[in-house]
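The values are calculated or read from the model by the stated rules, or taken from the named source; none is laboratory data. What you see is a predicted model; the values in this text were computed from it and never measured. Because the Cβ atoms are built from the backbone with ideal geometry, glycine has one as well, and the counts that use them run over all protein chains shown. These area figures cover heavy atoms from the full protein model, side chains too; ligands, DNA and RNA do not enter into them. Shrake-Rupley method; radii C 1.70, N 1.55, O 1.52, S 1.80 Å.
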Amino acid sequence: MAFELPPLPYAYNALEPVIDEATMHLHHEKHHAAYVNNLNAALKEHADLAALPLDDLLRAVQTKVPEAIRTAVRNNAGGHSNHSMFWKIMKPAGGGAPSGALAQDIDKTFGGLDGFKAKFNDAGLKRFGSGWAWLVLKKGQLEVLSTANQDSPIMDGLYPVMGNDVWEHAYYLKYQNRRGDYLTAWWNAVNWDEVGRRYEAGKRG
Ligand code: MN
């Protein structure tokens, strides 16, 4: 079965004013759709790989995926996975603070929510060119890092708790070159319930 573009879990204008409607249309209907279409095209002659769950395909990029399609699968399976997570960890009128075990772990690891946000924003700001800022679980420990292009932490055996897209396509229409302003504003769209759910799932392994 071919991979499919998941519908946005809210309206295209629902994240205003943090993310504008025009950006959401382009980002979901053009960029994410292209990753899905290009992934299916790359796997056309590889039914065994196309049948894998997406996470398994990401983990297999450096091993099972033939070299001829490796770059295409890496970029497009990564793009499909990253964006499928991204839409879900945002919501209308989001923001606020995490709760429960995730909040405690953030306090313990980063000295509080503000310390975590500063570290995460810094990772996004310092990612040269296109990529993602991440909060991951590495052997059960929270860690902030960034990846280039559409690389997923799953490719490195890590669990992505949350990630922010710092490609220019994610923010340029509204924020132009001010990536830092986008990173700061983005916290007002975060769906902490979903991030907390992902954290619990990652801790269970
Ligand atoms: Mn994107």
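Note on the chain: with a GNM built from Cα contacts shorter than 10 Å, the maximum mean-square fluctuation among LEU15, LEU43, LEU52 falls on LEU52. Computed over the range 21-88, the range of Cα coordinates on each principal axis works out to 39, 20, 18 Å, biggest value leading. What's the angle, to the nearest 10 degrees (0 to 90), between helix 33-42's Cα axis and the longest principal axis of the chain? With rounding to tens, the tilt is 30 degrees. Averaging 1/r across all pairs of distinct Cα atoms in the chain and inverting the result yields a Kirkwood radius of 17.4 Å. One decimal place: the segment LEU173-THR63 gains 35.8 nm when fully extended, by the rule 0.36 nm per residue minus the C-alpha distance. The HN-Hα couplings worked out from phi for the range 167-177 by the Karplus form 6.51 cos²θ - 1.76 cosθ + 1.60 (θ = phi - 60°) are 5, 4, 4, 7, 9, 5, 4, 9, 9, 6, 7 Hz, whole numbers, x standing for Gly and Pro. Tell me which of VAL161, HIS46, ASN191 sits at the most positive position along the dipole axis of the chain, charges placed on C-beta atoms (Lys, Arg +1; Asp, Glu -1). Farthest towards the positive end: VAL161.
Can you give me the relative contact order of the range 21-88 as a percent, contacts being Cα pairs under 8 Å and 6 or more apart?
Relative CO of the range 21-88 lands at 40 percent.
3J(HN,Hα) couplings calculated from phi for the range 197-202 with the Karplus curve 6.51 cos²θ - 1.76 cosθ + 1.60 (θ = phi - 60°) are, in sequence order, 5, 5, 4, 4, 5, x Hz; Gly and Pro show x. Of the peptides 102-112, 82-92, the ranking by mean beta-carbon count within 10 Å, highest at the top, reads 82-92, 102-112.
Within the set of other residues whose C-beta is less than 11 Å from the C-beta of GLN141, count the net charge using Lys and Arg as +1 and Asp and Glu as -1.
The answer is +2.
Annotation: per residue accessible area for the chain equals 48 Å², rounded to a whole number [probe 1.4 Å, protein chains only]. Distance cut-off 30 Å, Cα to Cα: go down the list LYS30/LYS138; LYS64/LYS91; LYS126/LYS203; LYS88/LYS108; LYS88/LYS138 and report the pairs above it. Long pairs (Cα-Cα over 30 Å): LYS30/LYS138; LYS64/LYS91. Compute the acute angle (0 to 90°) between the alpha-carbon long axis of helix 113-126 and the principal axis of greatest extent of the alpha-carbon atoms of the chain; round to the nearest 10°. With rounding to tens, the tilt is 50 degrees. Protection proxy ranking, highest mean first, for peptides 190-196, 28-34: 190-196, 28-34, where packing is the per-residue count of other beta-carbon atoms within 10 Å, averaged.
Each Lys and Arg adds +1 at its Cβ and each Asp and Glu adds -1 at its Cβ; summed about the Cα centre, the chain shows a dipole of about 380 debye. Take every pair of alpha-carbon atoms less than 8 Å apart whose residues are at least six positions apart; their mean separation over the length of the chain yields a relative contact order of 25 percent. The charge dipole of the range 81-141, taken about its Cα centre with unit charges on the Cβ atoms of Lys, Arg (+1), Asp and Glu (-1) only, comes to about 200 debye. Taking amide H atoms as placed 1.01 Å from N in the peptide plane, the amide H of TYR159 lies under 5 Å from those of LEU137, each 5 or more residues away in sequence or on another chain. Among SER152, SER81, SER130, the residue with the largest mean-square fluctuation in a Gaussian network model of the chain, with springs joining Cα atoms closer than 10 Å, is SER130. Using Cβ point charges alone (K and R +1, D and E -1), the dipole size of the range 100-204 about the Cα centre works out to roughly 100 debye.
Phi-derived couplings, Karplus 6.51 cos²θ - 1.76 cosθ + 1.60 at θ = phi - 60°, listed residue by residue for the range 63-76: 10, 7, 7, x, 4, 4, 10, 4, 5, 5, 5, 4, 5, 8 Hz, with x used for Gly and Pro.
Using the Cβ of LEU113 as centre and a radius below 14 Å, the other residues enclosed give a net charge of 0, where K and R count +1 and D and E count -1. Near ALA189: Cβ cut-off under 15 Å, other residues only, Lys/Arg at +1 and Asp/Glu at -1. The net charge is -3. Where a Cα-Cα gap under 14 Å defines reach, which aspartates and glutamates qualify for LYS119, not counting those fewer than 8 residues away within the same chain? Within the straight-line limit of under 14 Å, LYS119 reaches these aspartates and glutamates: ASP107, GLU143.
Determine, from the Cβ-Cβ distance of ALA33 and THR71 and an R0 of 30 Å, the FRET efficiency 1/(1 + (r/R0)^6), rounded to the nearest 0.05. Approximately 0.95, to the nearest 0.05.
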